[in-house]
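Asks: Got a structure for you, written out below as structure tokens; questions coming shortly.
The values are calculated or read from the model by the stated rules, or taken from the named source; none is laboratory data. Predicted, not measured: the structure shown is a model, and the values here were computed from it. We place every Cβ from the backbone using ideal geometry, glycine too, and count neighbours over all the protein chains shown. With ligands, DNA and RNA removed, areas are computed over all heavy atoms of the protein, side chains included. Shrake-Rupley method; radii C 1.70, N 1.55, O 1.52, S 1.80 Å.
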Amino acid sequence: MKIPTEQIGSIPRPVPLIEAVAAGSISDPNLDPMYEAAVKDTIERLEATGSPIVTDGEQRKYHNFWTYSVHGLSNTAPDGFRIPFAAGHTRRMPRLTKGPFRYKRYADSYLDVALKYAHRPLKQAVISPSALSLMYPPDEIPGYSRDEFITDLLSEHEKEIRRCLKKGARKVQIDFTEARLAMKIDPSGELLTSFVDLNNLALSRFSAAERKVIGLHTCPGGDLDSTLSADVDYAEMLPLLFEMNVGCFCIALAGEKDRVRVLKIISKHMKPDHQIFVGVVSPIDPRVDTPEEVRDRVIEAAKYIPLEQLGTTDDCGFAPFSDDTSTSRDTAFAKIQARVEGTALAVEVISGG
């Protein structure tokens with residue numbers, strides 16, 4: 001018996017790289033050797049933890065996991081959708097100023113470097129269409145309707161996923177952090193429903209076999225050890241979330257106050273063909289979990305999720321925004337090591353080995 005385990009995506013960038021970017025341009029070609037060294041080191045350290053599937057740690061995602069694909073577009077302005085965190089700071093999305101909408105870069109470009117160093121299967125995270133839909137302003141753009149934008153957005157998202165799969169990604173993860181935030185903005189659930197419908201329109205372009213290797217990640221957001229929407233009750237959004245037509249779900253759980261309650265909600269609403277990766281370590285908690293603590297969380301989850309559908313992960317990426325130094329690389333890798341070891345310990349206990 002095995003319980004699969006995988007990380008969400010981002011690993012804190014090396015401090016010298018962060019400092020070099022802050023002193024110049026994030027896309028300065030002179031920084032290419034530093035980016036490549038960071039990717040190489042990330043993959044080597046992830047493989048050393050025993051991780052069965054690895055990522056490049058999003059070392060080169062421009063600014064963050066949310067806007068990497070559109071950073072630097074000439075038809076945008078910096079005063080877009082405001083992303084408020086509980087600690088009081090904010091991040092902003094770019095605002096689309098005119099059409100057409102096109103990605104500036106696709107996530108498969110990150111695989112070019114990662115494939116040079118990985119000896120294990122690679123997972124590639126991409127941003128959801130619903131997150132990027134927030135770039136379109138409340139007032140319609142003259143000569144470029146919202147419907148035209150959505151058509152272009154869905155095509156770009158499909159293209160990105162297909163390029164990742166064609167290049168060799170074993171799994172593609174759609175980052176859907178805005179799911180829980182949507183319930184905070186609109187407790188009626190209408191906004192989240194519209195997000196799910198939009199994302200499912202994109203997913204309908206893929207075959208059933210392709211959707212089995214497409215997953216989804218949801219969490220309350222993480223930046224500078226703070227969250228976006230941890231105060232939103234999972235009971236309000238998980239039933240809608242499980243309407244997403246993907247093969248697996250990565251769901252933040254370790255940071256929840258009442259994990260058993262959330263597990264019961266998951267158990268009630270998950271479908272027989274879903275694989276559920278539950279978060280067993282919290283990236284915004286500075287303390288490194290012990291393998292035994294992880295083991296106990298996995299055993300707890302196994303009481304509510306069938307073993308053949310259970311997996312483990314981290315609650316969130318360790319540095320979704322590239323300038324976040326609140327968690328060190330060493331801490332991130334130590335937590336991942338604890339997750340891998342703790343999951344293996346749980347298998348031993350559950351199987352009676």
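Asks: I'd like the residue in region 223-248 that is touching a Pro at 6+ places or on another chain (Cβ under 6 Å) and among the small types (G, A, S) and, out of all such residues, is least open to solvent (accessible area, probe 1.4 Å).
Replies: For region 223-248, the residue satisfying everything is S229.
Asks: Name the residues in region 275-296 that are open to solvent by 10 Å² or more (accessible area, probe 1.4 Å) and under 24 Å from G247 (Cβ atoms), would you?
Replies: If the condition is that a residue be open to solvent by 10 Å² or more (accessible area, probe 1.4 Å) and under 24 Å from G247 (Cβ atoms), then Q275 is the only one that fits.
Asks: Okay, next question. If you check S25, S74, S51, which single one turns out to be assigned to a loop (DSSP other than H, G, I, E, B), closer than 15 Å to S322 by Cβ and among the hydroxyl-bearing types (S, T, Y)?
Replies: S25 is the lone residue from the list that is assigned to a loop (DSSP other than H, G, I, E, B), closer than 15 Å to S322 by Cβ and among the hydroxyl-bearing types (S, T, Y).
Asks: What helices (runs of 4 or more DSSP H) completely inside region 90-192 contain at least 3 residues that are farther than 27 Å from A235 by Cβ and at pLDDT 95 or above?
Replies: Those helices (runs of 4 or more DSSP H) span 108-117, 146-167.
Asks: In addition: Please go through region 273-287 and pick out each residue that is more than 17 Å from I8 (Cα to Cα) and at pLDDT 95 or above.
Replies: Answer for region 273-287, where residues must be more than 17 Å from I8 (Cα to Cα) and at pLDDT 95 or above: just H274.
Asks: Give the residue, chosen from I305, I251, I299, that is open to solvent by less than 50 Å² (accessible area, probe 1.4 Å) and closer than 22 Å to L192 by Cα.
Replies: From the options I305, I251, I299, the qualifying one is I251.
Asks: I would also like to ask the following. Which of the residues belonging to region 188-199 are open to solvent by 40 Å² or more (accessible area, probe 1.4 Å) and closer than 21 Å to R162 by Cα?
Replies: Matches in region 188-199: D197 only.
Asks: Could you please let me know if F81 is open to solvent by 40 Å² or more (accessible area, probe 1.4 Å), in contact (Cβ under 8 Å) with a residue 40 or more places away in the chain and among the hydrophobic types (A, V, I, L, M, F, W, C)?
Replies: For F81, the condition - open to solvent by 40 Å² or more (accessible area, probe 1.4 Å), in contact (Cβ under 8 Å) with a residue 40 or more places away in the chain and among the hydrophobic types (A, V, I, L, M, F, W, C) - is met.
Asks: Can I ask one more? Output the residues belonging to region 84-113 that are aliphatic (A, V, I, L, M) and either open to solvent by 20 Å² or more (accessible area, probe 1.4 Å) or touching a Lys or Arg at 6+ places or on another chain (Cβ under 9 Å) (or both).
Replies: Within region 84-113, A86, A87, M93, A107, L111, V113 meet the criteria.
Asks: Only one of F333, F318 is closer than 23 Å to F176 by Cβ and either buried (at least 19 other Cβ atoms within 10 Å of the Cβ) or modelled with pLDDT of 95 or more (or both). Can you tell me which?
Replies: On inspection, the qualifying residue turns out to be F318.
Asks: Tell me which of these K171 doesn't satisfy, since it passes every other one: (1) under 30 Å from R120 (Cα atoms); (2) open to solvent by 10 Å² or more (accessible area, probe 1.4 Å); (3) without any contact (Cβ under 8 Å) to a residue 60 or more places away in the chain.
Replies: Answer for K171: the failing condition is (3).
Asks: Can you tell me how many residues in region 304-353 are assigned to a loop (DSSP other than H, G, I, E, B) and at negative phi?
Replies: Residues that pass the stated criteria total 17.
Asks: Could I ask something else about it? With the requirement that a residue be under 26 Å from C219 (Cα atoms) and either free of Cβ contacts under 8 Å to residues at least 24 places away in the same chain or under 16 Å from the mean Cα position of the chain (by Cα) (or both), what does region 1-27 give you?
Replies: The answer is T5, E6, Q7, I8, G9, S10, I11, P12.
Asks: Within region 143-167, work out how many residues are open to solvent by 50 Å² or more (accessible area, probe 1.4 Å) and touching a residue at least 24 places away in the same chain (Cβ under 8 Å).
Replies: 6
Asks: Looking only at region 22-35, filter to residues that are modelled with pLDDT of 90 or more and open to solvent by 30 Å² or more (accessible area, probe 1.4 Å); which one of those is nearest to S328 (Cα to Cα)?
Replies: M34
Asks: To continue, here is another question. Looking at G57, is it modelled with pLDDT of 95 or more, buried (at least 18 other Cβ atoms within 10 Å of the Cβ), in contact with a helix residue (DSSP H, G or I) (Cβ under 6 Å, 6 or more places away or on another chain) and at positive phi?
Replies: Criteria met by G57.
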